[in-house]
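Chemist: Before we start, here is the structure in question, set down as structure tokens.
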Amino acid sequence: MPVGLTASQDKVCPRLSGKSSLARMEISGRRSIGFMIFDISIQLEANGHGLIEFLISGLPLRWKPASAANVHRSYSVLYSDQREFKTGNIGRFMLLAQHQLLFSTTSLEELYNAFESDLLYFVGQRSREMLFLHAGVVAWEGRAIVIPGRSYSGKTTLVRALLHAGGIYYSDEYAIVDRQGNVHPFPRKLSIRLDAGGLSRIPAAKLGASAGGPPLAVRLVIITRYRAGAQWRPKDLSPGLGMLRLLRNTLSARHCPDLALAILERMVCEATILESERGDADESARHIVTALYSIRMRNRS
Amino acid sequence: MKGNLAEFTPVRKPLTSKELLDEIILYDDRTYKAHCLNNTAAAVWRLCDGNHSVADMAKALVPGSESDPGAAESLVWAALKQLRKSGLLVNAMPSDSRLPSLSRRELVLRLGIATVLAVPTARSALVAAAPQSVSPAKQPSSRRRIPR
């Protein structure tokens, strides 16, 4: 039933321009590809020309081609051009994972978001190479500030305020932590929620901030949640209580608890962990910057 | 009756654990809960090996407590109650009505534990659950308050 993308639909993929020539060579024109993200093997097939290139080239994590053996998760993207069936003039994309329908949409952007979201969640749950935490990350003077939190906890807003205060953007969605406890950049555009609903993806550069850099040790973990009118009243948490809070946001905690605990311990062993509700993000960012200077002075003395 | 209580020998659940400097983190893969025990609760937890009675634990936990064994045992019971509440013990404890109960203030006064041992605490949290959503596109967008 599904048919291939038409030439006009191929043009709907503006993302394809500007990607590295290597990435383009690897995936250009393919209908199926195996690739690895960290230690997780993925298979992706699509029935539309250009779809694979579109989906893979936008991923915010480095990937490398791999054989189709020992695949941990397989995806299929089916495109049905409904014009073929005279029922409308917009085609529908169906995203399947492990042969189960995951998502259906007429929007390429939504298709990409669903693919990226599921893929990263799967990799985050299963990887034994890296630990994924739901967290925003900002670099400050060569160390990482980690702000764990679920969706709607306000972490992107606080990340944005810390960027305005002079921080370097690392992530607004996942803190990706290696076995030494260092945080790697997750260079995805910031997902800004719009008052009218929906998301807008904004590059850090557009906010006047630089992004990315080497893996960093963690200096500060901020456990916070937005509440209108709340005052910033931080209390120091012990490493154990800090780990407990981080485990709530650690994707692989249920699959690999030993590994998660070992990495989290390294992550927090030299970090200060503060917990507070927060109100206005800019005001909270000023308090956090002040706390960072206090920590630096304390570490010096 | 008190003597019988002191002979109670608790047994801990076999859980994934991580020792920190003053605390211990436990993970229960049946309940998906993680637990953080402070130093006193952690010390009691380590002794819940089926070989140590409450009296043994009291001696190990508060050396020189022979003059006031009741207070030291109360501290152990306070820790055991925390462990029971968090579902970390295998065997059933005696009912609360039989257990000695000292307030936090009384424990601190009689044992002087504030400087070395803290009043036992166990905090618990559910670790990261199933995916919140398949896609950001599927998340509700209109009813949630956008943080500022």
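Chemist: Using modelled backbone amide H atoms (1.01 Å from N, in-plane), which distant-in-sequence or interchain residues come within less than 5 Å of residue A:248's amide H?
Modeler: For residue A:248, whose amide H was placed from the backbone, the distant partners under 5 Å are B:128.
Chemist: If you don't mind, another one. Going by the alpha-carbon gyration tensor, a ≥ b ≥ c the square roots of its eigenvalues, is segment A:42-174 rounded (a/c under 1.5) or, if a/c is not under 1.5, prolate (a/b greater than b/c) versus oblate?
Modeler: prolate
Chemist: Can you compute 3J(HN,Hα) from phi for each residue in segment B:33-44, using the Karplus curve 6.51 cos²θ - 1.76 cosθ + 1.60 with θ = phi - 60°, rounded to whole Hz and x for Gly and Pro?
Modeler: 10, 10, 10, 10, 9, 6, 4, 5, 4, 5, 5, 5
Chemist: Here's something else I'd like to know. Which order results if B:24, A:222 are arranged by neighbouring Cβ count within 10 Å, fewest first?
Modeler: Ordered from fewest to most neighbouring Cβ atoms within 10 Å, B:24, A:222 come out as B:24, A:222.
Chemist: Counting DSSP beta bridges in chain A, what percent are antiparallel, to the nearest 5?
Modeler: 70
Chemist: A further question follows. Could you list B:76, B:90 in order of exposure, starting from the residue whose Cβ has the fewest other Cβ atoms within 10 Å?
Modeler: Ordered by Cβ neighbours within 10 Å, fewest first: B:90, B:76.
Chemist: Fewest Cβ neighbours within 10 Å first, please rank A:137, A:123 accordingly.
Modeler: Final ranking by Cβ density, sparse to dense: A:123, A:137.
Chemist: OK, next. List, in order, the whole-Hz ³J(HN,Hα) value for each residue of segment A:36-45 obtained from phi through the Karplus relation with A = 6.51, B = -1.76, C = 1.60 and θ = phi - 60°; use x for Gly and Pro.
Modeler: Listing the rounded values in order: 10, 10, 6, 9, 10, 9, 10, 10, 10, 10 Hz.
Chemist: Using the alpha carbon gyration tensor of chain A, what are the three equivalent-ellipsoid semi-axes (square root of 5 times each eigenvalue), largest first, in whole Å?
Modeler: 38, 21, 17
Chemist: Could you work out [θ]222 nm for chain A from helices alone, using -39500 (n - 2.57) per DSSP H run of at least four and dividing by all its residues? Round to the nearest 500 deg cm²/dmol.
Modeler: When only DSSP H runs of four or more count, the value is -9000 deg cm²/dmol.
Chemist: Report, for segment A:196-301, the % of DSSP beta bridges that are antiparallel, rounded to 5.
Modeler: Beta bridges within segment A:196-301, antiparallel portion: roughly 20 percent.
Chemist: Please work out the ratio of the alpha-carbon Rg of segment B:2-127 to 2.2 N^0.38 Å and round it to two decimals.
Modeler: 1.00
Chemist: Here is a further query. With θ set to phi - 60°, apply the Karplus curve 6.51 cos²θ - 1.76 cosθ + 1.60 along segment A:108-120 and write out the HN-Hα couplings as whole Hz, x wherever there is a Gly or Pro.
Modeler: Here the 3J(HN,Hα) series is 4, 5, 5, 4, 4, 4, 5, 4, 4, 4, 5, 4, 5 Hz.
Chemist: Hey, what does the equivalent ellipsoid look like for segment A:131-300, semi-axes from the Cα gyration tensor as sqrt of 5 times each eigenvalue, largest first, whole Å?
Modeler: 22, 18, 16
Chemist: With only alpha-carbon atoms in the gyration tensor, what are the semi-axes of the equivalent ellipsoid for segment B:29-84, in Å, largest first?
Modeler: Over the Cα atoms of segment B:29-84, the semi-axes work out to 23, 11, 9 Å.
Chemist: Once the cut-off is 17 Å, how many percent of the Cα-Cα pairs in segment A:219-301 end up in the long-distance tail?
Modeler: 52
Read-outs throughout are calculated quantities, based only on the coordinates presented, and are distinct from any laboratory measurement. Values in this document were obtained by computation on a predicted structure and should not be read as measured data. Cβ coordinates were reconstructed from backbone atoms using ideal geometry, including for glycine residues, and neighbour counts include every protein chain displayed.
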